[in-house]
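The values are calculated or read from the model by the stated rules, or taken from the named source; none is laboratory data. Every value quoted in this text rests on a predicted model; they were computed, and no experiment measured them. Cβ placement follows ideal geometry from the backbone for every residue including glycine, while neighbour counts extend to all protein chains displayed. The accessibility values were calculated without ligands, DNA or RNA, using every heavy atom of the protein model including side chains. Shrake-Rupley method; radii C 1.70, N 1.55, O 1.52, S 1.80 Å.
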Amino acid sequence: MSDHHNETFLSKYIFSLDHKMIAKQFLITGMFMGVVGMLMSILFRLQLSNPGESFAVLEWFLGEKWAPDGVLDPNMYLALVTMHGTILIFWVLTAGLTGTFANFLIPLQIGARDMASGFINMLSYWFFFAATIVLLTSLFVETGPASAGWTIYPPLSALPQAIPGSGLGQDLWLIAMTLFIVSSLLGGLNYIVTILNLRTKGMSMTRLPLVMWALFIVAILGVLSFPVLLSASLLLVFDRTFGTSFYLSDIVIAGEALHHTGGSPILFEHLFWFLGHPEVYIILLPALGIVSEVISVNSRKPIFGYKAMVISLMAIAFLSFIVWGHHMFITGMDPFLGSVFTFTTLLIAIPSAVKVFNYLATLWRGSIRFTPAMLFAIGFVSTFITGGLTGIVLGDSALDINVHDTYFVVGHFHIVMGLSAIYGMFAGVYHWFPKMYGKMMNKKLGYIHFWVTFISAYGVFFPMHFLGLAGLPRRYYSNTAFPMFEGLTNINEIITFFAIVGGIVQVLFIFNFFYSIFYGTKASKNPWGSTTLEWTTPIERIHGNWPGEIPTVRRWAYDYSKPGHDTDFVPQTEPLKEGEEEH
Amino acid sequence: MDLNLKNTTYKQLLWIGMASITLFFAGLTSAVIVRSSESGWQDISMPRYFWYSTFVIILGSAFLIMSKKIVRRGKNPADYIFLTFVCGVIFAIFQFKGWSALVDQGKFFVGEGSSPASSFLYVITFAHLIHVIGGLISVFITYTKSVNSKYSKENYLGIELTSIYWHFLDILWIYLFAFLLYII
Ligand code: HEM
Ligand SMILES: [Cu+2]
């Protein structure tokens with residue numbers, strides 16, 4: 001592979017085959033979608049804390065049609081909630097997170113010149129891009145975007161005449177999602193074969209950094225679970241456009257009985273959650289991996305229990321396929337089956353606890369360096385614990401029946417998945433920014449970004465548990481339509497306040513990101529004193545990653561503060577000394 | 001990439017892709033199981049054409065096995081690959097015949113005269129046929145390459161990949177057919 005060849009703007013930045021550039025494309029697209037999705041949440045939070053009140057911003061963003069006189073239209077409310085969930089879950093935390101770090105880190109950390117197939121890799125981004133365009137287009141159609149929730153349950157999603165958003169908006173959603181699934185399957189295939197085949201000499205699987213393991217397992221999860229969503233959507237498309245009755249039966253709309261008989265909406269839930277639950281781990285595992293690296297590097301200690309970490313990743317991935325029923329406890333499920341799902345769900349607590357324990361043990365008595373990345377990694381451990389605890393409550397079918405579809409669930413999954421994964425992503429960006437752009441991000445801005453985010457995020461999601469315990473349902477347009485919830489207005493106002501603060505402070509991050517690309521201080525080759533291979537590549541980023549031979553790996557990835565060495569880290573390329581044990 | 005590495009990489013890509021496709025059909029067939037345990041499920045008798053198609057798709061596999069043997073001996077297997085292509089086309093024709101036989105029985109895909117069982121039957125066979133069309137394309141490409149003598153004793157990866165995929169389609173169809181026979 002040659003290091004120099006003539007590159008045009010198009011071949012370098014747009015139709016790039018280089019994994020590092022493709023990673024940046026994913027990152028920037030993901031960040032852009034993150035801004036869009038977050039803005040949406042602030043818009044509907046205004047309605048939730050001040051139902052029916054007029055806000056100039058609403059009209060400014062949504063126009064006279066969707067916010068007449070500054071009051072959010074109920075249909076638009078549903079559309080915003082749906083698009084927010086879809087964008088954050090799939091576009092930001094799946095493609096944005098995995099797409100960025102899998103593409104960027106896999107070849108660099110395993111010692112490969114690029115992905116197994118640069119072409120498939122480029123396709124993967126371009127399918128994702130097309131999906132993005134289709135999804136964004138749906139914001140501008142006359143009947144509004146999809147509105148049946150990110151879980152697109154029928155009959156709402158299956159009957160174009162049900163609500164405005166069930167029409168063209170839902171069609172575009174399904175098209176976008178199909179493109180998205182193709183993108184992640186292509187990406188996943190590539191990640192798996194790359195890790196299996198292109199590791200450099202000496203890089204056995206047990207010497208892989210944990211983030212490699214996490215991304216490897218995530219790719220397997222995706223390849224096995226997204227097709228099931230595809231089959232669920234296929235049946236949904238037939239119900240919508242050809243009038244089959246897979247999910248529909250005995251429905252009367254506006255006094256008119258539809259011809260559909262014999263279908264079952266519960267069937268959709270089964271298929272959806274068979275993807276849906278693995279999907280939440282697809283979001284979480286890359287963050288678990290990133291955090292393992294960041295915590296170990298910045299504690300200057302080997303990660304505690306490497307093998308246990310790998311096994312627990314595998315256990316979580318395996319268990320995630322047999323717990324989907326915990327989303328369906330109230331669908332009239334046989335109580336015995338319910339207890340089976342309760343059992344499998346609670347089993348997940350074990351590998352999760354192993355991971356938390358190992359993080360804490362790694363931090364314990366480390367010489368901790370509180371870089372912004374490290375703070376976000378520690379923030380991750382915090383939210384993972386808080387959210388995991390409420391997961392145990394929800395996993396118990398007898399308890400879940402009371403809080404299902406309330407704000408308790410919203411609090412749970414935002415903390416455990418939303419916050420944890422986004423913290424993982426921030427940690428990754430702060431940590432690998434020097435490798436991506438050859439510059440350092442500003443630390444002070446990083447600290448402010450972390451602390452304000454951390455406090456306001458808890459400020460948003462912690463009180464939601466109380467709302468849920470008080471019975472407040474999720475996805476309702478107005479929190480004051482029922483007198484019994486009027487007493488909760490204060491809490492809702494606090495939440496909206498924190499949501500706005502948390503939203504604004506992200507501007508700081510985006511500023512820091514782009515400013516540092518151009519004006520950041522120059523990074524040294526290995527600014528964090530890290531052992532892994534990516535830091536042995538030259539600062540100027542070249543095709544093929546290493547100018548000469550790819551280095552050989554001689555030890556595992558976690559030799560920090562190892563006795564008998566002069567430095568407090570020993571790069572993976574350094575041969576074992578005479579008589580030195582591997583670890 | 002050296003040839004060995006290329007071989008394993010592409011084979012792995014294919015295997016993982018096939019695992020993915022398997023899960024897609026597992027989704028569809030488990031949907032049938034869930035649905036069939038509820039009320040109002042009616043059985044459908046499978047048209048005999050689906051038996052015929054089962055036979056030709058297996059025959060297609062047999063021809064690919066032979067082509068592999070032939071290329072290993074250093075000869076050109078184009079004719080046999082072409083026979084597989086023919087089998088695939090006949091398979092598709094039989095599927096269409098099967099559907100029209102269903103229509104004659106009064107089992108429709110949608111609307112009056114359809115039931116969840118009949119809709120599922122159409123969707124599953126249709127989804128499988130789409131994958132067969134993918135297979136046909138790859139058989140055709142291998143065929144033209146073979147005509148142009150692109151394969152040799154040492155390098156016949158394309159033939160190998162195509163036949164792995166075709167055997168997979170084969171086994172997938174047998175699974176689906178047995179499933180439809182007993183459940184629907
Ligand atoms: C660690 C990563 C986890 C993530 C990313 C996650 C994510 C989610 C999400 C997204 C939902 C809501 C989906 C929706 O209705 O829109 C949810 C609900 C749920 N989670 Fe988790 N969760 C995690 C951990 C756990 C754990 C450890 C447990 C149990 C031990 C658990 C139990 C549940 C249950 C039972 C529900 C359903 C609640 C209901 O709808 O009534 N989760 N989770
Ligand atoms: Cu779940």
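Between residues in the range A:327-354 that are within 14 Å of chain B (Cβ to nearest Cβ) and more than 19 Å from A:LEU288 (Cβ to Cβ) and residues that are more than 10 Å from ligand 1 (Cβ to nearest atom) and among the aliphatic types (A, V, I, L, M), which pairs lie under 8 Å by C-beta distance while being six or more apart or on different chains?
A:MET328/A:ILE266; A:THR331/A:ILE266; A:GLY332/A:ILE266
Enumerate the helices (runs of 4 or more DSSP H) found wholly within the range B:1-105, keeping only those where 2 or more residues are under 22 Å from the mean Cα position of the chain (by Cα) and closer than 25 Å to A:LEU229 by Cβ.
So the answer is B:3-36.
What's the number of the condition B:LEU129 fails, among (1) open to solvent by less than 20 Å² (accessible area, probe 1.4 Å); (2) at pLDDT 95 or above; (3) away from chain A (no Cβ under 14 Å)?
All conditions are met except number (3).
Just checking, does the range A:270-290 include any residue being assigned to a loop (DSSP other than H, G, I, E, B) and either open to solvent by 50 Å² or more (accessible area, probe 1.4 Å) or more than 16 Å from ligand 2 (Cβ to nearest atom) (or both)?
no
Which of (1) open to solvent by 20 Å² or more (accessible area, probe 1.4 Å); (2) in contact with a helix residue (DSSP H, G or I) (Cβ under 6 Å, 6 or more places away or on another chain); (3) more than 13 Å from ligand 1 (Cβ to nearest atom) is the odd one out, the single condition A:VAL310 does not satisfy?
The one condition A:VAL310 does not meet is (1).
Looking only at residues that are free of Cβ contacts under 8 Å to residues at least 40 places away in the same chain and under 24 Å from A:ILE295 (Cβ atoms) in the range A:387-415, which one is surrounded by the fewest Cβ atoms within 10 Å (Cβ to Cβ)?
A:LEU389
Could you grab the pairs with beta carbons closer than 7 Å, sequence gap of 6+ or different chains, first residue in the range A:240-251 and more than 7 Å from chain B (Cβ to nearest Cβ), second one among the charged types (D, E, K, R)?
A:TYR247/A:ASP239; A:LEU248/A:ASP239
Looking at the range A:293-307, is at least one residue open to solvent by 10 Å² or more (accessible area, probe 1.4 Å) and hydrophobic (A, V, I, L, M, F, W, C)?
The answer is yes, given that some residue of the range A:293-307 is open to solvent by 10 Å² or more (accessible area, probe 1.4 Å) and hydrophobic (A, V, I, L, M, F, W, C).
Please enumerate the residues belonging to the range B:95-120 that are open to solvent by 50 Å² or more (accessible area, probe 1.4 Å) and touching a residue at least 40 places away in the same chain (Cβ under 8 Å).
The answer is B:LYS97, B:GLN105.
Give the range A:351-364 a look and list any residue that's over 18 Å from A:ILE217 (Cα atoms) and either open to solvent by 30 Å² or more (accessible area, probe 1.4 Å) or touching an Asp or Glu at 6+ places or on another chain (Cβ under 6 Å) (or both), or say none.
Just the residues of the range A:351-364 that are over 18 Å from A:ILE217 (Cα atoms), to begin with: A:353, A:356-364.
A:ALA353, A:PHE357, A:LEU360, A:TRP364, listed by residue number.
Is it the case that some residue within the range A:300-318 is more than 17 Å from A:VAL211 (Cβ to Cβ), within 16 Å of ligand 2 (Cβ to nearest atom) and either free of Cβ contacts under 8 Å to residues at least 60 places away in the same chain or of a type in the set (Lys, Arg) (or both)?
Yes: the range A:300-318 contains one or more residues that are more than 17 Å from A:VAL211 (Cβ to Cβ), within 16 Å of ligand 2 (Cβ to nearest atom) and either free of Cβ contacts under 8 Å to residues at least 60 places away in the same chain or of a type in the set (Lys, Arg) (or both).
Could you list all residues from the range A:460-508 that are in contact with a helix residue (DSSP H, G or I) (Cβ under 7 Å, 6 or more places away or on another chain) and outside any helix (DSSP H, G or I)?
Matches in the range A:460-508: A:ALA470, A:LEU472, A:ARG474, A:ARG475, A:TYR477, A:ASN479, A:THR480.
Being within 14 Å of another protein chain (Cβ to nearest Cβ), within 13 Å of ligand 1 (Cβ to nearest atom) and touching a Leu at 6+ places or on another chain (Cβ under 9 Å) narrows it down to one of A:PRO278, A:PRO286, so name that one.
After ruling out the rest, the residue left standing is A:PRO278.
Look through A:PRO164, A:PRO154 and report the one residue that is away from ligand 1 (no atom under 16 Å from the Cβ) and crowded, with 20+ Cβ neighbours inside 10 Å.
A:PRO164
If you take the residues of the range A:563-583 that are in contact (Cβ under 8 Å) with a residue 60 or more places away in the chain and surrounded by 15 or more Cβ atoms within 10 Å (Cβ to Cβ), which of them is farthest from A:LEU363 (Cα to Cα)?
Looking at residues that are in contact (Cβ under 8 Å) with a residue 60 or more places away in the chain and surrounded by 15 or more Cβ atoms within 10 Å (Cβ to Cβ), I get A:GLN572.
Any residue at all in the range A:204-223 that's at the interface with chain B (Cβ under 7 Å from one of its Cβ atoms) and either surrounded by 22 or more Cβ atoms within 10 Å (Cβ to Cβ) or of a type in the set (Val, Ile, Thr) (or both)?
Yes: one or more hits.
Across the range B:45-67, which residue is modelled with the lowest pLDDT among those that are open to solvent by 10 Å² or more (accessible area, probe 1.4 Å) and among the aliphatic types (A, V, I, L, M)?
Once the filter is applied, the top-ranked residue is B:MET46.
Tell me which of these A:VAL237 doesn't satisfy, since it passes every other one: (1) within 11 Å of chain B (Cβ to nearest Cβ); (2) outside any helix (DSSP H, G or I); (3) in contact (Cβ under 8 Å) with a residue 60 or more places away in the chain.
(2)
So which helices (runs of 4 or more DSSP H) stay within the range A:40-158 end to end and still have 3 or more residues that are closer than 25 Å to A:ALA232 by Cβ?
Per the criteria, A:74-86, A:118-137.
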